[in-house]
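So the structure is just underneath, and the comments pick up after that.
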Amino acid sequence: WPSDKLKELKDINNLGPDPTAEDFDFKKFQERLAGKKGKIKTVLMDQSIFAGIGNIYSYEILWLSGIHPIKPVSSLTQEDIKSIFNSTKKILKKALEARGTSDSDYRDPSGQKGHYQDILYVYGLEGEKCQKNDGGIITRLKVASRSAHFCPAHQKLNF
């Protein structure tokens, strides 16, 4: 695609900011969540709010932050938001270092498989013990027609 015509692409222009960008700080993250309605997992995956957080990474972010995937954004505390922000930065950094997740046919631009699937915390691990050794067993539920894997021991639904 001619680079001078990128501004004409509606899909590109409607993307939210990249959470891995150096200048993407907690203040910007918090502003992007302000006034949003819906479940946190669904909001994280909305590419117009944050670019690059897909289904797998939303599981991983919420597992690491200890936030239940169906918790309403409107009920998140400042501490919750800070935890999700920090987890987003950590998970996406790890995913980039691992060259993405090739659980099926994903390949990076050079045609190589990614390796994040080798270090997953929760995705696809339904029925297994939680890696936080908290006694939880990874559980799966549906959120907006998508699966959500989580640990009921440390990702309690409280609001």
Inset, instruction - First measure r as the distance between the Cβ atoms of residue 115 and residue 20, then evaluate 1/(1 + (r/R0)^6) with R0 = 22 Å and state the FRET efficiency to the nearest 0.05. - result: 0.80
Legend entry - Sequence ranges 124-135, 62-73, ranked by mean other-Cβ count within 10 angstrom, highest first: 62-73, 124-135
Inset, instruction - As a check on your grasp of the helix formula, calculate [θ] at 222 nm for the chain: sum -39500 (n - 2.57) over DSSP H runs of n ≥ 4, divide by the residue count, round to the nearest 500. - result: -9000 deg cm²/dmol
Inset, instruction - Could you order peptides 3-16, 48-61, 77-90 by the average number of other Cβ atoms within 10 Å of their residues, highest first? - result: 48-61, 77-90, 3-16
Inset, instruction - Calculate, for segment 21-106, the solvent-accessible area per residue in square angstrom, rolling a 1.4 angstrom probe over the heavy atoms of the protein chains. - result: 47
Legend entry - Across 37/93; 5/71; 5/37; 7/142, pairs whose alpha-carbon gap is larger than 29 Å: 5/71; 5/37; 7/142
Legend entry - the chain - Rg and Dmax from Cα coordinates, angstrom: 16.1, 54
Inset, instruction - Could you look at the chain and say what percent of its accessible area is carbon and sulfur, using a 1.4 Å probe and all protein chains? - result: 51
Inset, instruction - Let me know the Rg and Dmax you get for segment 1-42 when you use only its Cα atoms, in Å. - result: 13.7, 38
Legend entry - the chain, relative contact order [Cα under 8 Å, separation at least 6], %: 20
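The values are calculated or read from the model by the stated rules, or taken from the named source; none is laboratory data. Source: prediction; values computed, not measured. Cβ coordinates were reconstructed from backbone atoms using ideal geometry, including for glycine residues, and neighbour counts include every protein chain displayed. The accessibility values were calculated without ligands, DNA or RNA, using every heavy atom of the protein model including side chains. Shrake-Rupley method; radii C 1.70, N 1.55, O 1.52, S 1.80 Å.
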